[in-house]
Structure formats: structure tokens, C-alpha cells
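Each remark here refers to the structure printed beneath this line.
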């Protein structure tokens, strides 16, 4: 599988994180956006850069700070005194893969500027709508909420991210390899495995994947379980159900299958659902985390039999 080659190429510079890399690639194949939430220095930016190179995508990065404004992302019109004309200057989002680095350090207004482009794949500036390149993805990184200078992302923004992942510290052996090989200096060695056109073709193949009708019921049952659980004040939205379905299909494709299974859905469950649910006061009183309850749900909802 070409996707295996992509993962192997990224692993040249991101050591010991195959599960995270696989989920990021699956999210992009599903046409979604990724939120990487973790402490600084564990390789989030390196992963995004390596991914853009392995997939042969144009890449743009913005370091989000309090003084970044929507015009920096979407673009703006200015008057050119030499020509006597108004000229539109494109912002940073007119690319295939946009890295929003430390997104929760900027203002809510600038965070909101990404909402339209993430959902609609176009930007409206001064009343004019401009299409973005295809394919278009956003990978955003954020430090854990409560870190100095951070602002909590609103639920409407979080729901736009198909998956939310955490890198975590590398294991001992992987960190030794990082020291020995100096991953940052090896980024230039990451070779393009796919082109933008091939990526689009794979996405079309995934769209045509067979899905047993019972699996649609299974996905909705999982989502409904989060809404009915009194330990959650906020459950999965219909957009969350769609995200679960799309990521699951991408994982099935990466396993070289043309059909979806319950195991694919279970593999995608935590990464898709974790950032979409919120504990209620009753849930917090139990001492359980969102992931603890989600693990209970995926174990308790009956697994359908498919033909």
C-alpha cells in the first residue's frame, strides 16, 4: 500500500509514533482536519512538515500569537499607488496543508476566521469568495489548556477538527534515536510518496467503499450513547457521527480492504469522539475522564454482525 510507504517515510523523523502518524494520515485521506494537543517539544510541528513532504503538498505555517489577525490568514486588499489599482494579497491559507501552530495562543476572532475555510474550503474577504486549492487540510497544534497565554477553543471550533490526537513523550529507545539522528536535520530527506492528484484519487476510492447497513446503525448507536449518558453534558453531534464514519473508512482502506468493519470504527472512536464530549457535574464527581467513559461506551454498545 502506498499509504504504508507514506507512514514509513514520516517515521524517518518522527520516531515511535506510528499510531499517531496512522491516524493523521487517515484523517487527511478522509478529507478532515487534525488537532494535535500536547506539550511543546514532542514533535507536533515536525510531524506536520514531514507529512506535507511525504504527500507532495504545498505547505504553509503560521505561528499563532495574540497579534495575528484574520487578514494574515484570509488575505486583504490594498491600494497600489504605482498602478492606481486595488490589489488582493493572499493570506497564508491558500495552500494544500496549512499548519496553525499553537492555535490557542491567538485571539478568538482569529480562531473563528478559520471556521469557514475549514468547513467550506473557501474564504470570503470583503464580500468576495475565493476558492482554496484542492486538496486543503488544516493541522493545528495547541498546548494544553491552562498553559501560559492559552485561550480555550470553543466547541464550534473543536467540532471542525475531524480528529484530536496527542503525541505524548517518546519511549526511551525512540528518544535515544532522536538524539542520535537529530530529526530536524533529517527533514530534507523525507521524499514525496504521493502527489496531490494521487491523494485525491485515493479519497474518491474511499468514498466508493462498501458499508454494510448495520454499521450505519452501529455508528449512530455509539453517538446516541454519548448523548444519553448523564455523565456527559455534551455528546457527539451528527457531524461527529459523519467524522467517525469517514475516518473509519480511511482506516479500512489503509488496511487494504474495500469494506468497513466494526474494528475500524473502534479504532477511530477515541480520536474522533474525545474532543467532542464534555463531562457533566455528575461525570466530574465520578472521578472518571472523558476517555474512561468513552471506553465504557465502545465496550457496551453491541457489535453488529455484518455479512
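The condition (being over 22 Å from residue 20 (Cα atoms), touching a helix residue (DSSP H, G or I) at 6+ places or on another chain (Cβ under 8 Å) and either without any contact (Cβ under 8 Å) to a residue 40 or more places away in the chain or assigned to a helix (DSSP H, G or I) (or both)) is satisfied by just one residue among 241, 248, 223: 223.
Take segment 59-74 and flag every residue that is surrounded by 13 or more Cβ atoms within 10 Å (Cβ to Cβ) and assigned to a loop (DSSP other than H, G, I, E, B). Passing the criteria: 64, 65, 68, 69.
The requirement of being more than 17 Å from the chain's Cα centre (by Cα) and over 15 Å from residue 165 (Cα atoms) is satisfied by residue 2. Screening 83, 77, 45 for residues that are buried (at least 18 other Cβ atoms within 10 Å of the Cβ), modelled with pLDDT under 90 and out of contact with any helix residue (DSSP H, G or I) (no Cβ under 9 Å at 6 or more places or on another chain) leaves exactly one candidate, 45. Just one of the listed residues (124, 129) is touching a strand residue (DSSP E or B) at 6+ places or on another chain (Cβ under 6 Å), assigned by TED's automatic domain parsing to the domain that holds residue 74, surrounded by fewer than 14 Cβ atoms within 10 Å (Cβ to Cβ) and assigned to a strand (DSSP E or B), and it is 129. Taken across segment 91-109, residues that are surrounded by fewer than 17 Cβ atoms within 10 Å (Cβ to Cβ), in contact with a strand residue (DSSP E or B) (Cβ under 7 Å, 6 or more places away or on another chain) and more than 21 Å from residue 271 (Cα to Cα) do occur, with at least one present. Of all the criteria given as (1) within 30 Å of residue 50 (Cβ to Cβ); (2) surrounded by 12 or more Cβ atoms within 10 Å (Cβ to Cβ), the one not satisfied by residue 191 is (2).
The values are calculated or read from the model by the stated rules, or taken from the named source; none is laboratory data. The structure displayed is predicted, hence computed values, not measured ones. No Cβ is skipped: glycine too gets one built from the backbone with ideal geometry, and neighbour counts run over all protein chains shown.
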